[in-house]
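The values are calculated or read from the model by the stated rules, or taken from the named source; none is laboratory data. From a predicted model like this one, the values you see are computed outputs, not experimental measurements. Note: ideal-geometry Cβ built from the backbone for every residue, glycine included; neighbour counts use all protein chains shown. The accessibility values were calculated without ligands, DNA or RNA, using every heavy atom of the protein model including side chains. Shrake-Rupley method; radii C 1.70, N 1.55, O 1.52, S 1.80 Å.
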Amino acid sequence: MEKFRFLLVGSGNIASTYVKAAANVPEIEIAGVVSRSGKRPAGMSENIPVFPEISAADIEFDAVILATPNGCHAAGCLEAVKLGKHVFTEKTLALTREDMDAMINGCKEKNLKLAVAFQRRTAPDNIIIREMLQKKSFGRVVGCELIANFWRPDSYYTDSTYRGNLSVDGGGPFVQQASHNIDLYVWFFGMPEKVHAFTGRFLHPLEGEDYGSAICRHADGMVGTIIASTASKPGFDCVMTVHTEKGTFTLEGDRITAWQIDDIPNPTQAPAKELHSGASTNAVTATGGHEILLRDFAQKVRSGGDVMVSGESARAASELILQIYEAADRV
């Protein structure tokens, strides 16, 4: 069988992650790259052709990988849809409800797959916890504290002027660094009914927030607290602590690190490959989660079935982030 061929859209840091990931998945290949600057991502062969836009790519390809800033995903998706190509996009899905609807509906109308790179869903301990929550193994869930205390130096924002702005990035750590963790939150617990939030810009030169806290109330009464920061030096792995009728457990860096649950043994499993934590750097050097998602995407395009992280599923994280920003009392 011929390799599944991707057109990689973007040439920045995250694009180089996909170059590395694709090299580790024998069933797929990157056939070309779209770069307005003409630059190739780090690690990409000079033999790979470069195009100024998706519609200019005069090569055979099956799908696009959108490795572009958040605010560019919708335009790239809709351009690919016009060509009848499937879409695999970096997180988050998009910055507005209108763009998310256009992406999801556009792919549905053409019977095209739309997947989103929320790779933390591939971590074994996260999968186990979700299954247990779905089965109500813990009894009633009382509350969840999600603390994403990351650090970025000023240079992170000044070296690339779109970072942290509202029109392209969509804001600060809620939409950017902590979006992976917020995706896990809604994957585990669903959407809340009420959201209150406080955000501020304290240490960095950006339009959005660099620290904020949200409180969520769910239909069953559960209370969730979400903290997102790039102002927490030197940066820490994200910690999620969940309090339930049967006790408490903690996930740290996608691993169960504390387990005080009555009558249920700790089910932790060592991940096959470490996932990128993002605590103090935006460099994504571990690509295991991306490899799983790309392999799954290629298989589902060819054989049918639902991709691991569909556009519809990933929309929930973007919706909660939008609600946090809309509710926020900003400093």
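For this structure, a couple of remarks:
- Filtered residues of the stretch 269-296 (kept if touching a strand residue (DSSP E or B) at 6+ places or on another chain (Cβ under 8 Å), modelled with pLDDT of 65 or more and either open to solvent by 30 Å² or more (accessible area, probe 1.4 Å) or not in a helix (DSSP H, G or I) (or both)): A279, R295
- Residue match in the stretch 26-33 (condition: modelled with pLDDT of 95 or more, more than 26 Å from R315 (Cβ to Cβ) and of a type in the set (G, A, S)): yes
- Residue count for the stretch 175-214, restricted to those that are in contact with a strand residue (DSSP E or B) (Cβ under 8 Å, 6 or more places away or on another chain), open to solvent by 20 Å² or more (accessible area, probe 1.4 Å) and without any contact (Cβ under 8 Å) to a residue 60 or more places away in the chain: 6
- Top-ranked residue of the stretch 2-20 - restricted to ones that are assigned to a helix (DSSP H, G or I) and of a type in the set (A, V, I, L, M), ranked as least open to solvent (accessible area, probe 1.4 Å): A15
- For the stretch 285-312, residues that are of a type in the set (G, A, S) and touching a residue at least 12 places away in the same chain (Cβ under 8 Å) total 6.
- Residue among T89, T68 that alone is assigned to a strand (DSSP E or B) and either open to solvent by 40 Å² or more (accessible area, probe 1.4 Å) or within 28 Å of P173 (Cβ to Cβ) (or both): T89
- Condition broken by G38, with the remaining ones in (1) in contact with a Ser or Thr (Cβ under 8 Å, 6 or more places away or on another chain); (2) part of a loop (DSSP other than H, G, I, E, B) satisfied: (1)
- Tally, over the stretch 215-233, of residues that are open to solvent by 20 Å² or more (accessible area, probe 1.4 Å) and in a strand (DSSP E or B): 6
- Looking across L95, L112, one residue alone is at pLDDT 95 or above, on the phi < 0 side of the Ramachandran plot, in contact with a strand residue (DSSP E or B) (Cβ under 8 Å, 6 or more places away or on another chain) and open to solvent by less than 60 Å² (accessible area, probe 1.4 Å). It is L112.
- Scope the stretch 297-331; condition over 30 Å from T225 (Cβ atoms), crowded, with 18+ Cβ neighbours inside 10 Å and out of contact with any His (no Cβ under 7 Å at 6 or more places or on another chain); matching residues: F297, A298, V307
- Residue check, F150 aromatic (F, W, Y), under 18 Å from A94 (Cβ atoms) and surrounded by 22 or more Cβ atoms within 10 Å (Cβ to Cβ): no
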